[in-house]
Each structure stands twice: as structure tokens, then as C-alpha cells.
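Accompanying notes for the structure given below.
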Amino acid sequence: MPILLDTADLPARDRTDAIHAAMTEASAPCFVIHEHLEDSIHARMELWDFGTANVFSTWSSGIQLLRTAKQARQDAMPVVALSVQKAADGRQDQLAHQRVVPPGEMLVMDLSAPYDFSWSGNGAAGCVQIPIEHIGLPVDVIRRAAARLPSSPLYRLVTGHVDDLTRDAARLSADPSAPALGAATVELARALLSSAAYDEQQARPVMVETLLTQIRAYVRAHLADPDLRPATIAAAHHISVRYLYKVCAQAELSLEQWIIGERLQGARAELVRPESRGRSIAMIARRWGFGDPTHFSRRFRAAYGLSPREWRRIAAEADPPALP
């Protein structure tokens, strides 16, 4: 459900009800109060699925979202939202904590509790919404973290991640790895909240887990890069190669073998895609970081028990191309 609502397609008299219905469907039941008169109200809302998480973005005229204690008690599946302000200052008031959030900054909203959130004039925000049960932290920890969010050393990193994710949600959600990206986002959210709620010693194990999540995401994004190697991965994360291997060892992960396995999986899938039928095996091998086609074929056979050519032929016979 990419575009949930665009009031440009609606008469002015219908916009108030449409915005309320869309907000209730995409986020949480609340009162929606508009800053302007009916003729000036406008909004666009988008909702994108990422498996265990979703991305909800809103662009609108001045608006206030007021969620009462009664509405919060009726929520069957509590959700936490990590929201980056895109335009106009956001004003958050929840659980005796008030904060003004300028564009480029992030807030955490516990949708299982009452809140008051608003902006004046034309504003925008993009948020990642995650069921609290997937965060794996007690509600009191999440609420403590929300009041101390910018104090976390992970604040900038996760803010940038949410900002990028919400900005490019259409393209990213269409990728087959979108659920994996959603799962990685959940882990980043957990690490941020743990870091903000606890002291450094308590948060250290979660931060190590987060670093491993970042490493995995970075590798998957650069599988086609022939220069992908431990030194470049370590440099991208501002750590030493030695510490990179230590983090992987703690997770019982053989970095080089895992990278080869991921590349083989990507090449194996591309070999049988209809749009790849005109590409040679050597071309596909190079696209997935294998500079030597012979080495690629040997690795492929060792992993899957048949050659890339045999795999492509069997797949084509099972699903022949349509006749012209």
C-alpha cells in the first residue's frame, strides 16, 4: 500500500475525514486537529512494508495529533515509532517529556501511551513503526530511552538510517531483501533504545550486536564491488581489521566464507531471472564480485552440486520463456 492518501485528488470538504481515516489505519487512533481552515488543508501519506517494520511518511499542512489515554488502552498491538522530522519543527509532548524536534532530528514515540504531537505550517516527517514485541525491551526501558534519545552515541547513526530509509522507501521496499532490511532496522532500534536507556557498560553487548548488523548490511550492499575485502569493511566502520574479525568470531561468522556464500546466492538467483537470459555466465559472475569465471564455476558447483550452466538450463526447462 504505497500511497495511502493524497488529498490533491479530493474535494476540500472530504479531506478532514480522509486524513483522520488514513492516520488511524497507518499509525494509531487519535484526534486529528488541523491548523488551517478546510480549504487550506492538504496531506499526502505513504505506507511501505518492510516485514517486521513499516515506514510511514506524512507531508501536510499544520496538524496536531492528540492520542488520549482511553485510545491508548484500546490498542491491541503496542507500537514504537522512530520518526525523523523532514520539514517544520515537530513538537512532542508525552509522559511529562516535552521536546521540540527540528528538521533532521529524530524522536521516539510510544504509541501505547497518550501523546500530543504537532507542527505548524507545511511540515513533514518519516517514521519507522515497530511492534514493541519485536523490539524485545520492556516498555519502561523504551520510555526512559525516549526522554534521553540524543544522549546515545548511536543517535546520529540511527537517525541517518531512518532518514535514508524513509526518503527512499519506494525503491527499498520493492527489493527482495526488504524484510531483511526491516529486521536490521529493528536491531538498530533496539540498540539505540538500549544505549539511551542504560549506561555504557549495560549497553555494550547490544552495541556490538548492532555493529555486526551494520557490517552485514554494508557487505550485502557492496557484494558486487570487486574491492570488497576486510580492510575496506573495517575502514567503512572506523574499526581495525583485527576488531572486525573479533566481532565476527563472537558471532561464529567466517567473514570471507559468508561473503562468498552471499555472492553465490545472488548470482544463482540472477542466472534464472528472465531479464538476465541475455547475459553470459561470465558477465553475471563479474556482477557478483567473481573476477575469474572458472573460480566462480568451481565455487558454484561446490555449493550447489551442479555448474552454473546446468543450473540455468534446468531452471529454463522448468519455466520456459514465453513464445514471441
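Residues checked against (1) among the aliphatic types (A, V, I, L, M); (2) open to solvent by less than 50 Å² (accessible area, probe 1.4 Å); (3) part of a helix (DSSP H, G or I); (4) over 24 Å from MET77 (Cα atoms):
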position	(1), (2), (3), (4)
LEU4	yes, yes, no, no
ILE19	yes, yes, yes, no
ALA22	yes, yes, yes, no
GLU25	no, no, yes, no
ALA28	yes, yes, no, no
ILE33	yes, no, no, yes
ARG44	no, no, no, yes
LEU47	yes, yes, no, no
Return yes when ASP140 is out of contact with any strand residue (DSSP E or B) (no Cβ under 8 Å at 6 or more places or on another chain), acidic (Asp, Glu) and more than 20 Å from VAL79 (Cα to Cα) and no when it is not.
-> no
Within the set of pairs 6 or more residues apart or between chains, which connect a residue that is farther than 12 Å from THR159 by Cα inside region 76-90 to a residue that is of a type in the set (Phe, Trp, Tyr) and open to solvent by 30 Å² or more (accessible area, probe 1.4 Å) with Cβ atoms less than 8 Å apart?
-> ALA87/TRP59
Selection status of GLY291, assigned to a loop (DSSP other than H, G, I, E, B), closer than 17 Å to ARG229 by Cβ, in contact (Cβ under 8 Å) with a residue 24 or more places away in the chain and of a type outside the set (S, T, N, Q) | yes
Just one of (1) under 26 Å from ASP175 (Cβ atoms); (2) at pLDDT below 85; (3) within 33 Å of the chain's Cα centre (by Cα) trips up GLN265, so point out which.
-> (2)
Boolean, ALA249 is open to solvent by 30 Å² or more (accessible area, probe 1.4 Å) and either under 17 Å from LEU306 (Cα atoms) or part of a helix (DSSP H, G or I) (or both) | yes
Any chance you could count how many residues in region 49-61 are over 18 Å from LEU111 (Cβ atoms) and open to solvent by 30 Å² or more (accessible area, probe 1.4 Å)?
-> 2
Looking at this structure, is ALA81 touching a Phe, Trp or Tyr at 6+ places or on another chain (Cβ under 9 Å), among the small types (Gly, Ala, Ser) and surrounded by 13 or more Cβ atoms within 10 Å (Cβ to Cβ)?
-> yes
Residues satisfying the stated conditions in region 257-277, i.e. under 13 Å from VAL219 (Cα atoms) and either open to solvent by 60 Å² or more (accessible area, probe 1.4 Å) or touching a strand residue (DSSP E or B) at 6+ places or on another chain (Cβ under 6 Å) (or both) | GLN257
Hey, any hits in region 178-193 for a residue that's farther than 14 Å from PRO153 by Cα, of a type outside the set (Asp, Glu), modelled with pLDDT of 80 or more and open to solvent by 60 Å² or more (accessible area, probe 1.4 Å)?
-> yes
Scan region 120-136 for residues that are closer than 20 Å to PRO78 by Cα, of a type in the set (A, V, I, L, M) and surrounded by fewer than 21 Cβ atoms within 10 Å (Cβ to Cβ) and jot them down.
-> ILE132
Complete set of residues in region 144-154 that are out of contact with any Leu (no Cβ under 6 Å at 6 or more places or on another chain) and either open to solvent by 40 Å² or more (accessible area, probe 1.4 Å) or closer than 21 Å to LEU212 by Cβ (or both) = ARG144, ALA147, ARG148, PRO150, SER151, PRO153
In the set SER240, SER254, SER280, the lone residue that is among the polar types (S, T, N, Q) and either within 26 Å of the chain's Cα centre (by Cα) or open to solvent by 70 Å² or more (accessible area, probe 1.4 Å) (or both) is SER254
In region 84-119, what residues are open to solvent by 30 Å² or more (accessible area, probe 1.4 Å), modelled with pLDDT under 95 and of a type in the set (Gly, Ala, Ser)?
-> ALA96
For region 142-152, state whether one or more residues are under 27 Å from PRO2 (Cα atoms) and of a type in the set (S, T, N, Q).
-> no
In region 166-180, anything closer than 25 Å to ILE63 by Cβ and outside any loop (DSSP other than H, G, I, E, B) is listed as THR166, ARG167, ALA169, ALA170, SER173
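The values are calculated or read from the model by the stated rules, or taken from the named source; none is laboratory data. Keep in mind it's a predicted model, so treat the numbers as computed, not measured. Reconstructed Cβ throughout: ideal geometry from the backbone, glycine too, with neighbour counts over all protein chains shown. Heads up: the accessible areas ignore ligands, DNA and RNA and are worked out on the full protein's heavy atoms, side chains in. Shrake-Rupley method; radii C 1.70, N 1.55, O 1.52, S 1.80 Å.
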